[in-house]
Amino acid sequence: DTGVSQNPRHKITKRGQNVTFRCDPISEHNRLYWYRQTLGQGPEFLTYFQNEAQLEKSRLLSDRFSAERPKGSFSTLEIQRTEQGDSAMYLCASSFRASGDIEQYFGPGTRLTVT
Amino acid sequence: SQKIEQNSEALNIQEGKTATLTCNYTNYSPAYLQWYRQDPGRGPVFLLLIRENEKEKRKERLKVTFDTTLKQSLFHITASQPADSATYLCALAPSASKIIFGSGTRLSIRP
């Protein structure tokens with residue numbers, strides 16, 4: 001297994017454009033998380049999937065953000081009408097809940113720059 | 001509101017010494033606490049998990065303590081090496097589906 005992968009690794013976009021990021025979790029993992037991280041801060045929780053169901057979403061997540069995990073495998077995170085404040089690293093993580101083991105495995109992240 | 005505090009100032013340690021990082025939390029009653037390592041431009045990497053009924057956990061040169069009365073966890077790296085230089089993140093789970101991270105402490109080990 002090659003771990004969690006994310007694409008693209010870097011994205012530069014103009015304000016007002018829509019962007020979509022993809023995350024491929026570790027194949028046997030049923031849980032998938034999205035986080036946002038800005039410089040000097042820890043990852044900030046955005047949303048969580050168990051299989052294909054989106055079970056939790058941060059109150060900080062505006063209506064411009066949407067995430068899907070259509071078949072319980074890969075996930076996409078879309079940001080509509082991007083703003084400069086959306087510039088950040090977007091991290092995806094996956095885990096498999098078994099016997100209480102809940103450590104998360106993170107991907108390398110997608111760095112978004114909104115100009 | 002729930003809050004996690006880590007020392008925001010960078011910690012500089014001489015190689016070979018023990019590095020000790022602190023994580024304090026308020027308004028939580030977590031069932032467990034996790035520590036992650038993050039290198040620049042990369043995602044966090046899981047290091048250790050300690051449960052509320054455990055006082056101490058060790059893994060190689062790493063040791064974590066968890067004091068639910070003080071609402072504090074200490075993370076120790078013994079015999080520190082320059083390769084241990086990174087940012088270390090403390091994380092708590094207020095629910096089964098959500099993990100809250102601290103802002104991290106940057107550790108630098110000088111030769």
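The values are calculated or read from the model by the stated rules, or taken from the named source; none is laboratory data. Note that the structure is a prediction, hence the values are computed from the model and not measured. Every residue, glycine as well, gets a Cβ built from its backbone with ideal geometry; the counts of neighbours run over all protein chains shown.
Would you be able to say whether some residue in the stretch A:50-60 is aliphatic (A, V, I, L, M), modelled with pLDDT of 95 or more and either part of a strand (DSSP E or B) or under 26 Å from B:GLN38 (Cα atoms) (or both)? Explain how you work it out, then say what you get.
Initial filter on the stretch A:50-60 (aliphatic (A, V, I, L, M)): A:53, A:55, A:60.
Of the ones still in play, those that are also modelled with pLDDT of 95 or more are none.
Checked the stretch A:50-60: no residue is aliphatic (A, V, I, L, M), modelled with pLDDT of 95 or more and either part of a strand (DSSP E or B) or under 26 Å from B:GLN38 (Cα atoms) (or both).
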Of the conditions (1) in contact (Cβ under 8 Å) with a residue 24 or more places away in the chain; (2) surrounded by 14 or more Cβ atoms within 10 Å (Cβ to Cβ); (3) facing chain B (nearest Cβ under 10 Å); (4) not polar (S, T, N, Q), A:GLY3 satisfies every one except a single condition; which number is it? (2)
Residues that are within 12 Å of chain B (Cβ to nearest Cβ), of a type outside the set (Lys, Arg) and out of contact with any strand residue (DSSP E or B) (no Cβ under 9 Å at 6 or more places or on another chain): does the stretch A:41-48 have at least one? no
When the stretch B:72-111 is examined, which residues are found to be among the small types (Gly, Ala, Ser) and away from every other protein chain (no Cβ under 14 Å)? B:SER73, B:ALA79, B:SER80, B:ALA83, B:SER85, B:SER108
Go through the stretch A:1-37 and report how many residues are in a loop (DSSP other than H, G, I, E, B), at pLDDT below 95 and not hydrophobic (A, V, I, L, M, F, W, C). 7
Would you call B:ILE50 assigned to a strand (DSSP E or B), more than 13 Å from the chain's Cα centre (by Cα) and crowded, with 17+ Cβ neighbours inside 10 Å? no
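Okay, residues lined up against (1) under 11 Å from the mean Cα position of the chain (by Cα); (2) within 21 Å of A:GLU103 (Cβ to Cβ); (3) within 14 Å of another protein chain (Cβ to nearest Cβ):
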{"position": "A:ARG31", "(1), (2), (3)": "no, yes, yes"}
{"position": "A:TRP34", "(1), (2), (3)": "yes, yes, yes"}
{"position": "A:LEU61", "(1), (2), (3)": "no, no, yes"}
{"position": "A:LEU77", "(1), (2), (3)": "yes, no, no"}
Regarding the stretch B:14-36, can at least one residue be identified that is in a strand (DSSP E or B) and without any contact (Cβ under 8 Å) to a residue 40 or more places away in the chain? no
Output the qualifying pairs, or none if there are none: Cβ atoms under 9 angstrom, residues six or more apart or on different chains, first residue in the stretch A:69-80 and on the phi > 0 side of the Ramachandran plot, second residue crowded, with 21+ Cβ neighbours inside 10 Å. A:GLY72/A:LEU32; A:GLY72/A:PHE49
